[in-house]
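Here the structure is laid out as structure tokens; the discussion comes afterwards.
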Amino acid sequence: MRDLVPRLQKPTQYLGGEWGRTAKDPAGVRARAALAFPDFYEVGMSYVGGRILYEAVNRVPGLAAERVFAPADEAVAVMRASGATLCTLETDTPLTECDVVAFHLTHELCYTSVLHMLDLAGIPFRTADRAAAGRWPLVIAGGGCAFNAEPMAPFFDAMVIGDGETALVDILGVVAKAREAGTTRLELLTQLTAIPGVYIPEFFEFDPETGIKPLVAGYDRVVKAVVADLDTAPFPSCQVVPFAQAVHDRLSVEIARGCTRGCRFCHAGMIYRPVRERSLGTLEKLVGEGLGRTGYEELSFLSLSTGDFSALESLFAQSIDRCRRDQIAVSLPSLRAGTLSDSILSMMAGIRRTGATVAPEAATQRLRDVINKGITEEDILSHARRLFAHGWQQIKLYFMIGLPTETEDDVRGIFELAQKVLAEAPRGAKRLQVTAAISPFVPKPHTPFQWDPQITLEQIRGRVNWLRELFATERRLTLRWHEPEMSFLEGVFARGGRELAPIVEAGWRKGALFCSWIDRFDLAPWLEVFAEAGVSPADWLAERALDRPLPWDHLSCGVSPAYLRLERRRALEGTITGDCRYGECTGCGVCNEGGRKSPLTAEAPIMPRLNNPAPEREAVAAPPPPPKEDLTRKDAHFRVWYAKHGSAIYLSQLELGRVIERSLRRAGLKPSFSAGYHPLPQISFGRALPVGVSSQAEWLGIFLREAVSP
């Protein structure tokens, strides 16, 4: 496929060879996995889960993980015209020659893209068809959607439920031995059942009336895989740095995994329990080595609830000096109101920063209690006041519409709460903007609301339009919304069973691809598919009886069904359930050791949570800022002459600029920065070459704020 690069738009997405990639000699590899992301390169390269798996496999001698992404339409046209098949980036190996093709299922709208990639690879869709031929790679999947694997079950030989780092390595180890021993496919699948978290769909049948029927003795339920200690788990310090712009083009460091807040709508909060945190020593190493080895100019601390990381202040304190010195921005995911202390906000005020996002989820106290959010309106407004006081002028608020028991007052409350947040801003703010982002609620498996109905497409549209009218009356308030049709389709597949597999395949045949992209999504072909199948999508959005079998009953995330029923009842009562990190065990069933505490880095929470009073602790003071350095100083000026040839000719001028800037950072050189709100390195280029053109005499100018010997 690499031979086609000169004919492709955005060629660097198909080129490979990025800084930090691992390309092993095939002669020394016993088993090779193609990590397949069913979306475009710029999306897949932002996915931290893929980076973790890439590191976990490639650090093991004899095993190899290579990347492959869904090609864009123009690349597909070139591939089909030339008869080329989909290949990995690292070694240009066709997927048919890999031992395992492992898909990341990050959301339900990617399902047809999985079939699209299999088709481009020349691999039959269905397990039964591949088994009959006996020569195809093992096609597997993992990710959050695997916790209800049934709509895609006929397409996968195996699926991983839970944490995948250890499971994927174990799978490749079994595959390597099976290939060497000439083991049959059935024997291989049987051996895989011994690996924690591995689900073999063909070893089960599902009947809508009686539920799941196991077909193999002793293999009647799959319990998720759990990585107990993140300090010993693989995580890349030298991440692959893409040439092409990624959606999240930065160093992302996972500081914790799991959340026990107990938000009743939250799929991730249930399936990724218990809470596990990385130690400060491990994080200091990952951040220091990661920034030094990648050259990234932005750092992100990731977890389901980053503000709840028990040693967040200390983590900031040990990272802040380098971020100030090297003009590295720090971004945080959406935050729970009140989880950032004044100390952290003060530290962030002194560095490049991104916008602030707060997630109330519901606008009224009644509805926040229903979903177990555990925060008050004063928590939200106080958080906004402190953000404004520390210099933020743009705040985004996340809400959901269509939550169980929602009323008109709850919907109107979104506008009213946004107004109240806006009113907390100081007078005279020039770039003040408060944005409310709304998403329709989609009931998900393994949550207390898994039995509840999803509101209809017409109801979603009506609530969105009403909010649009309200927000249009206030200039400094902005409304953003998730497309109602996307949430409608997501809801169908989120709680469906194997009966939806033919629907997925029919949708692919009608051209329904990349359905998470607004400019690509079209509901019409899906409605045609449902009509031709003689079924109504509303059937999958309806309320479920508590005593009826569910398609995912045989897949356990550790949280017991009894606990989910209890939480649903407490939701209807408006009763808050506490967080076991700060109080008593709530009996969810994950730990199975009544009252076991989550292993936290620091044994103290950041703030009280309604019915969880926080024990007092000594605050971590922000470190005093170092003597202010003049980042615009120009102590050295270098004129560099270089040749651009080989694979480098496919880099655009913008991509080349990022390569040079990050190379300077990796080399430890200190570029001069421009003045202004967003300082940039002082690097200048000659006339830009067109993509695909080589040259023997190009130049660039670099200003450094510290003189070095050439």
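Can you compute the modelled spin-label distance between residue 475 and residue 430, with each label point 7 Å from Cα toward Cβ, in nm?
For residue 475 paired with residue 430, the spin-label model returns 1.6 nm.
Compute the length gained on full extension between residue 314 and residue 499: take 0.36 nm times their separation in residues and subtract their Cα-Cα distance, giving the result in nm to one decimal.
Roughly 61.6 nm would be gained on extension.
Calculate, axis by axis, the spread of Cα positions in region 277-399 along the three principal axes, and write the results as whole Å, longest axis first.
48, 30, 21
Which stretch or stretches of region 242-276 have amide N atoms under 18 Å from the point lying 7 Å from residue 405's Cα along the Cα→Cβ direction?
Once the point is set 7 Å along Cα→Cβ of residue 405, 262-266 turn out to lie under 18 Å by backbone N, inside region 242-276.
Label points 7 Å out from Cα along the Cβ direction at residue 217 and residue 548: separation in nm?
About 3.5 nm, to one decimal.
Considering the Cα trace of region 1-86, what is its radius of gyration and what is Dmax, both in angstroms?
Cα radius of gyration and Dmax of region 1-86 are 13.7, 38 Å respectively.
Given the chain, what percent of its DSSP beta bridges are antiparallel, to the nearest 5?
Details: 24 of 71 bridges.
The antiparallel fraction comes to roughly 35 percent.
Rounded, prolate or oblate: which one fits region 401-560, using the alpha carbon gyration tensor with axes a ≥ b ≥ c (rounded when a/c is under 1.5, else prolate when a/b beats b/c, else oblate)? It would help to have the intermediate numbers written out before the result.
On the way: a/c = 2.51, a/b = 1.70, b/c = 1.47.
Cα axes put region 401-560 in the prolate bin.
Of all chymotrypsin sites (Phe, Trp or Tyr not before Pro) in region 648-710, which ones are in loop regions per DSSP and have a Cβ with at most 13 other Cβ atoms within 10 Å?
On the way: sites: 650, 673, 677, 685, 699, 703; in loops: 677.
Those satisfying the criteria are 677.
Looking at the calculated P(r) for region 492-587, what percent of the C-alpha pair distances fall above 16 Å?
Numbers: 3162 of 4560 pairs.
The share of Cα pairs beyond 16 Å in region 492-587 comes to 69 percent.
Label 7 Å along Cα→Cβ of residue 565; region 448-471 residues with amide nitrogen under 19 Å?
Correct set: 448-453.
Could you tell me what fraction of 2.2 N^0.38 Å the Cα radius of gyration of region 636-704 comes to, as a two-decimal ratio? Can you show the working numbers first?
Details: Rg = 12.6 Å, N = 69, 2.2 N^0.38 = 11.0 Å.
Cα Rg divided by the expected 2.2 N^0.38 Å: 1.14.
Please grab the % of Cα pairs in region 422-486 that end up more than 19 Å from each other.
Working: 1019 of 2080 pairs.
Across region 422-486, Cα pairs with separations above 19 Å total 49 percent.
Pairs of alpha-carbon atoms within less than 8 angstrom and 6+ residues apart define the contacts here; what relative contact order does the chain have, in percent?
Working: 1354 pairs, mean separation 96.1, N = 710.
Contact order relative to length: 14 percent.
Just want the answer: with Cβ charges of +1 for Lys and Arg and -1 for Asp and Glu, which residue in 663, 239, 127 is farthest toward the dipole's positive end in the chain?
The listed residue farthest towards the positive side: 663.
Of all DSSP beta bridges in region 2-217, what percent run antiparallel (nearest 5)? Working shown, then result.
Working: 7 of 25 bridges.
Of the beta bridges lying entirely in region 2-217, close to 30 percent run antiparallel.
Using the alpha carbon gyration tensor of region 350-478, what are the three equivalent-ellipsoid semi-axes (square root of 5 times each eigenvalue), largest first, in whole Å?
Working: eigenvalues 151, 56, 31 Å².
The equivalent ellipsoid of region 350-478 has semi-axes of 27, 17, 13 Å.
Tell me, in nm to one decimal, what length is gained between residue 678 and residue 641 on full extension, where the rule is 0.36 nm per residue of separation less the Cα-Cα distance? Working shown, then result.
Details: separation 37, 0.36 × 37 = 13.32 nm, distance 2.81 nm.
Stretched fully, the residue 678-residue 641 segment lengthens by 10.5 nm.
Only four residue types carry charge here, +1 at the Cβ of Lys and Arg and -1 at the Cβ of Asp and Glu. Report the dipole size of the chain about the Cα centre in Debye, rounded to the nearest 20. Please list the in-between numbers first.
Values: 81 positive and 85 negative charges, 410 e Å.
Around 1980 debye, computed over the chain.
Rounded, prolate or oblate for region 27-72? Axes are the square roots of the Cα gyration tensor eigenvalues, ordered a ≥ b ≥ c, and the cut-off for rounded is a/c under 1.5. Present the calculation step by step, with values, prior to reporting the outcome.
On the way: a/c = 3.85, a/b = 1.83, b/c = 2.10.
Oblate, because a/c is 1.5 or more while a/b does not exceed b/c.
Per the Kirkwood definition applied to all pairs of different Cα atoms, how many angstroms is the hydrodynamic radius of the chain? The partial results should precede the final answer.
On the way: mean 1/r = 0.0368 Å⁻¹.
After inverting the pairwise mean of 1/r, the radius is 27.2 Å.
Report, to two decimal places, the Cα Rg of region 2-217 normalised by 2.2 N^0.38 Å (N = number of residues). Present the calculation step by step, with values, prior to reporting the outcome.
Working: Rg = 16.8 Å, N = 216, 2.2 N^0.38 = 17.0 Å.
That works out to 0.99 for region 2-217.
In vacuum, with every alpha carbon of region 132-224 counted as one equal point scatterer, what does the Debye formula give for log10 I(q)/I(0) at q = 0.11, 0.20, 0.26 Å⁻¹? Two decimals, please.
For the requested q values the scattering log ratios are -0.30, -1.01, -1.56.
If you find the alpha carbon centre of region 178-240 and of region 412-445, how far apart are they in angstrom?
43
Here, each number is a calculation from the coordinates, and none is a lab measurement. Predicted model, so just to flag it, every value in this text is computed and none were measured. Glycine gets a Cβ as well: all are built from the backbone with ideal geometry, and neighbour counts include every protein chain shown.
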